[in-house]
Amino acid sequence: MRSSARVISVDAEGKVESVETAAAHAVRERLRRLAWLLDSSIPVPGTRFTVGLDALIGLVPVLGDLIGAVLSSFILAEAARLGAARSVLLRMALNIGLEGLVGIVPFAGDLFDAAFKANQRNVRLLEHWLERPRKAERSSRLFAAALIGGIAIGLVLLVAAGVLIARWLLSLF
């Protein structure tokens, strides 16, 4: 009979924070290291700011951003393998998409990429979900609802602005 090894995290007061399998613990550690490497592994001399390989790779136009998105997607795939909720995976995908989309803009996108640190955000989301699944799912659902609501309001305002501009242009003739 084979027992599965467990890793038990205990806080300073001796209270159990989490219990997980050794395999899941190894995946979390690997993802933390990868996120650090991609987002914060290189200190900027003379500052407290750090950048990672993702920001450096992103300096190569288009191809660098695609490579960065592929590397970031590995964290998303591992989260899916660990069974993360769809709402959490959606939020992680939005972080990757936002970083990739803004990263396309020359220079400013690279600065955003260095500051936003989507990979570390995604690892934190995954860890939050592993430690408190219901709370993480609820906050991710609220985030998705707010995002969809914001997009809907933006579209309504865009259509309204289009109608007003069209009326103004027609009044000129």
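The values are calculated or read from the model by the stated rules, or taken from the named source; none is laboratory data. Because the structure is predicted, anything quoted here is derived from the model rather than measured. A quick note on method: Cβ atoms are made from the backbone with ideal geometry, for glycine too, and the neighbour counts reach across all protein chains shown. What goes into the accessible areas is simple: the full protein's heavy atoms, side chains included, and nothing from ligands, DNA or RNA. Shrake-Rupley method; radii C 1.70, N 1.55, O 1.52, S 1.80 Å.
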Restricting to Cα pairs below 8 Å that are 6+ residues apart, what does the relative contact order work out to for the chain? Please round to a whole percent.
19
For Thr50, other-chain or 5+-apart residues with amide H closer than 5 Å (H placed, Pro excluded) are Val44
Using only Cα atoms, figure out Rg for the chain and give it as a multiple of 2.2 N^0.38 Å.
1.34
Divide, for segment 16-104, the radius of gyration over alpha carbons by 2.2 N^0.38 Å, where N is the residue count.
1.22
Can you give me the accessible area per residue for the chain, using a 1.4 Å probe, in Å²?
66
With just the Cα atoms of segment 97-156, tell me how far they stretch along each of the three principal axes, in Å, largest first.
39, 33, 12
Sequence of Trp129, Trp36 when ordered by accessible area, the most exposed leading, probe 1.4 angstrom
Trp36, Trp129
Put +1 on the Cβ of each Lys and Arg and -1 on the Cβ of each Asp and Glu in segment 13-159; which of Thr50, Phe107, Gly150 then has its Cα farthest toward the positive end of the dipole?
Gly150
Rank-order 94-107, 141-154 by packing density, defined as the average count of other C-beta atoms within 10 Å over each peptide's residues, highest first.
94-107, 141-154
